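Here is the structure we will look at, set down as structure tokens.
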Amino acid sequence: MGKYNVKLMYRLQEKKHHIELIKDNFFGNDKGYGYFGKDKKQYDFVLEDGINNLYEPIRNEVLKYFKENDIEWWGDNPDYPTGHTVSSQIACLNHLMFLRQKPTEVLELINGLERVEFTKVLPVPCDTDISYIAFETISDNSYLNEPEHIRGSYCTSIDALIYAEDINNEKWIIPIEWKYTEAYGDSSKDDKSLEDYKWRKGEHGKGKERMRRYNGLITKSQQLKSLENYESSAYYFEPFYQLMRQTLWAEQMIKNKKAERIKADHYLHIHVVPKANADLLGKTYKFSNQNMEATWRNMLNEQLKYIIIDPQELMSPIKSRCPELYNYLKIRYYDK
């Protein structure tokens, strides 16, 4: 059982797979049983040293990138990568960080989506050096009524962002949301519009604050469908809550491009989910009576702006260009 009241069969399978990889010395001399969580328990699928969780050729670059761009890490230590082997942040970095300064490969990756004909990728201007993929990206200014503005925490940030130009010389932002073993519940305690502050139970204070931030923006959104009542709607359950905020973020980036370093005319929202994660993809949500993709697509006006894709399919265009990376990903994430 996870934080959300669901049985995570895919997560269990992935943990077992990583325990076998640890035994086979895939992570070098790291034998697992690292500490994780508030109670600092040892787990066999958690590496002793989080650096071993990263594809070896990117390790130094990732540490430098997070430090120079003031990005917080997911997990117990905001200053260091987690040893949690089924972390989606780690999975995202293992797939994409190697390509960060390889514009030809990044262009092949996004043209492999077969949605827009892109002619070039552009450096994402929010980073301290040249990045054709930026991680944990936030806007220069806050447009979603959120108080904090830190890369990687406390506000709407994008797991990975690509900035590109199409055949008409128009600019696109391509926000990527990366899922791995996540799955979510749909009971009242999972409802983010009804959540209480810890110090004031029964008043749904946290939920009301969220709705104050986002409801007006949803109503004005061109992509998100307006509702008469947003409370307890799909927008306030994960993973749709994240997708809603990222859609608003992309729209606001375009609307306010004069005030942003990233100046875009269009966006394409990419949702990476392993096709084997039936806990996330196959669940029927009570509030929609549909699975994850159908539920989300019912909230959207323009279907072509949202792409859901398996990570192996996403990476297939660069398979021959980056054989060592692809082989690492295949052993770790694709082969079972």
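The values are calculated or read from the model by the stated rules, or taken from the named source; none is laboratory data. This structure is a prediction, so every number in the text was calculated from the model and none was measured. Every residue, glycine as well, gets a Cβ built from its backbone with ideal geometry; the counts of neighbours run over all protein chains shown.
Structure data summary
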read-out: Residue list for the stretch 34-52, restricted to those being closer than 18 Å to K23 by Cα and either among the hydrophobic types (A, V, I, L, M, F, W, C) or touching a Ser or Thr at 6+ places or on another chain (Cβ under 6 Å) (or both); value: F45, V46, L47, G50, I51
read-out: Residue in the stretch 177-186 that is modelled with pLDDT of 95 or more and of a type in the set (V, I, T) present; value: yes
read-out: Members of the stretch 194-223 that are of a type outside the set (A, V, I, L, M), over 21 Å from the mean Cα position of the chain (by Cα) and in a loop (DSSP other than H, G, I, E, B); value: E195, D196, K198, W199, K201, G202, E203, H204, S221, Q222
read-out: Residue among A259, A234, A278 that alone is surrounded by fewer than 19 Cβ atoms within 10 Å (Cβ to Cβ), under 30 Å from R11 (Cβ atoms) and in contact (Cβ under 8 Å) with a residue 60 or more places away in the chain; value: A278
read-out: Residues of the stretch 224-236 satisfying the condition of being outside any loop (DSSP other than H, G, I, E, B) and of a type in the set (G, A, S); value: A234
read-out: Among the residues listed as V106, V116, V124, the single one being touching a residue at least 24 places away in the same chain (Cβ under 8 Å), outside any loop (DSSP other than H, G, I, E, B) and among the hydrophobic types (A, V, I, L, M, F, W, C); value: V106
read-out: Within the stretch 57-103, considering residues that are touching a strand residue (DSSP E or B) at 6+ places or on another chain (Cβ under 6 Å), in a helix (DSSP H, G or I) and not hydrophobic (A, V, I, L, M, F, W, C), the one farthest from C155 (Cα to Cα); value: P103
read-out: Subset of the stretch 20-53 [touching a residue at least 12 places away in the same chain (Cβ under 8 Å) and either β-branched (V, I, T) or assigned to a helix (DSSP H, G or I) (or both)]; value: L21, I22, V46, G50, I51, N52, N53
read-out: Boolean, D159 is at pLDDT 95 or above, surrounded by 22 or more Cβ atoms within 10 Å (Cβ to Cβ) and in contact with a strand residue (DSSP E or B) (Cβ under 8 Å, 6 or more places away or on another chain); value: yes
read-out: Residues within the stretch 170-193 that are part of a loop (DSSP other than H, G, I, E, B) and either aromatic (F, W, Y) or without any contact (Cβ under 8 Å) to a residue 40 or more places away in the chain (or both), tallied; value: 2
read-out: Answer residue from the stretch 286-311, given it is over 21 Å from V116 (Cβ atoms) and crowded, with 18+ Cβ neighbours inside 10 Å and is nearest to the chain's Cα centre (by Cα) among those; value: M292
read-out: Failed item in (1) touching a residue at least 60 places away in the same chain (Cβ under 8 Å); (2) under 29 Å from H18 (Cβ atoms); (3) among the β-branched types (V, I, T), with I90 passing the rest; value: (1)
read-out: Within the stretch 123-150, tally of residues that are buried (at least 17 other Cβ atoms within 10 Å of the Cβ), more than 15 Å from R245 (Cβ to Cβ) and touching a strand residue (DSSP E or B) at 6+ places or on another chain (Cβ under 8 Å); value: 7
